[in-house]
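The values are calculated or read from the model by the stated rules, or taken from the named source; none is laboratory data. No experiment lies behind these values; they were computed from the predicted model shown. No Cβ is skipped: glycine too gets one built from the backbone with ideal geometry, and neighbour counts run over all protein chains shown. Ligands, DNA and RNA are excluded from the accessible area calculation, which covers all protein heavy atoms including side chains. Shrake-Rupley method; radii C 1.70, N 1.55, O 1.52, S 1.80 Å.
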Amino acid sequence: TITRMIREVVLDTETTGLDPFSGHRSVEIGCVELVNTVATGKGLQLYFNPEMPMPTQAQDIHGLSDEFLADKPLFADKVEEFLEFIGDAQLVIHNAQFDLGFLNAELGRLKKPALANPYVDTVSMARRKFPCGNGQRLRRGLPLWCSRLWPAPDRPGRPLRDWRSAGRATGRPGASSP
């Protein structure tokens with residue numbers, strides 16, 4: 001029997017806010033490679049200087065301060081490393097529209113094409129797996145879904161922690177391995 005190798009990259013971002021078209025920027029990208037849903041041990045974590053002050057609300061979510069990001073490279077300085085790492089892999093992203101919106105805005109600022117990778121949105125998967133009753137919307141996102149499966153996840157809002165939680169929440173068993 002021949003087993004086809006399927007490469008996926010679990011990806012998460014942290015940002016200065018909610019809207020890349022209002023001037024908010026990406027400040028962190030975390031990626032983990034999976035082959036046939038098993039983590040290979042290869043990953044990429046990049047921090048960026050956003051060239052703007054970090055809003056308090058954003059810092060409260062991810063903990064990345066102006067001081068920490070001050071000496072980090074710009075997105076433009078690391079874009080090729082990021083694109084090389086993801087290649088043409090299928091991306092696995094919790095809240096894909098948000099992360100892809102920021103990544104594609106950053107690429108657009110550099111006159112580069114938008115990402116064309118196929119992707120799986122784990123928010124959609126988790127909503128199907130754990131629908132809310134009474135018309136209630138899930139507002140707490142990943143931590144709420146994870147709490148339905150096991151005790152509280154690591155501090156939410158950091159990419160390399162979130163990918164483990166997303167993998168467990170969506171039944172991608174290899175994603176739960178470091």
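Just wondering, is there one or more residues in region 26-34 that are under 30 Å from THR3 (Cβ atoms), part of a strand (DSSP E or B), out of contact with any Cys (no Cβ under 7 Å at 6 or more places or on another chain) and of a type in the set (Asp, Glu)?
Yes; the residues of region 26-34 include at least one that is under 30 Å from THR3 (Cβ atoms), part of a strand (DSSP E or B), out of contact with any Cys (no Cβ under 7 Å at 6 or more places or on another chain) and of a type in the set (Asp, Glu).
When the residues of region 110-121 are filtered to those that are in contact (Cβ under 8 Å) with a residue 12 or more places away in the chain and among the charged types (D, E, K, R), which remaining residue is surrounded by the most Cβ atoms within 10 Å (Cβ to Cβ)?
Residue satisfying both the conditions and the ranking: ASP121.
When the residues of region 64-77 are filtered to those that are part of a loop (DSSP other than H, G, I, E, B) and over 17 Å from ASP12 (Cα atoms), which remaining residue is least open to solvent (accessible area, probe 1.4 Å)?
Looking at residues that are part of a loop (DSSP other than H, G, I, E, B) and over 17 Å from ASP12 (Cα atoms), I get SER65.
So which residues in region 2-22 are open to solvent by 40 Å² or more (accessible area, probe 1.4 Å) and either part of a helix (DSSP H, G or I) or on the phi > 0 side of the Ramachandran plot (or both)?
Passing the criteria: PHE21, SER22.
Find the residue count for region 28-63, including only residues that are closer than 18 Å to PHE98 by Cβ, open to solvent by 20 Å² or more (accessible area, probe 1.4 Å) and in contact (Cβ under 8 Å) with a residue 60 or more places away in the chain.
1
Yes/no per residue for (1) modelled with pLDDT of 95 or more; (2) under 20 Å from VAL32 (Cα atoms):
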{"residue": "PHE98", "(1), (2)": "yes, yes"}
{"residue": "LYS111", "(1), (2)": "yes, no"}
{"residue": "ALA116", "(1), (2)": "yes, yes"}
{"residue": "VAL123", "(1), (2)": "no, yes"}
{"residue": "ARG128", "(1), (2)": "no, no"}
{"residue": "PRO131", "(1), (2)": "no, no"}
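If I ask for residues that are closer than 23 Å to PHE48 by Cα, open to solvent by 20 Å² or more (accessible area, probe 1.4 Å) and not in a helix (DSSP H, G or I), which ones from region 90-109 would you list?
Of everything in region 90-109, those that are closer than 23 Å to PHE48 by Cα, open to solvent by 20 Å² or more (accessible area, probe 1.4 Å) and not in a helix (DSSP H, G or I) turn out to be HIS94, ASN95.
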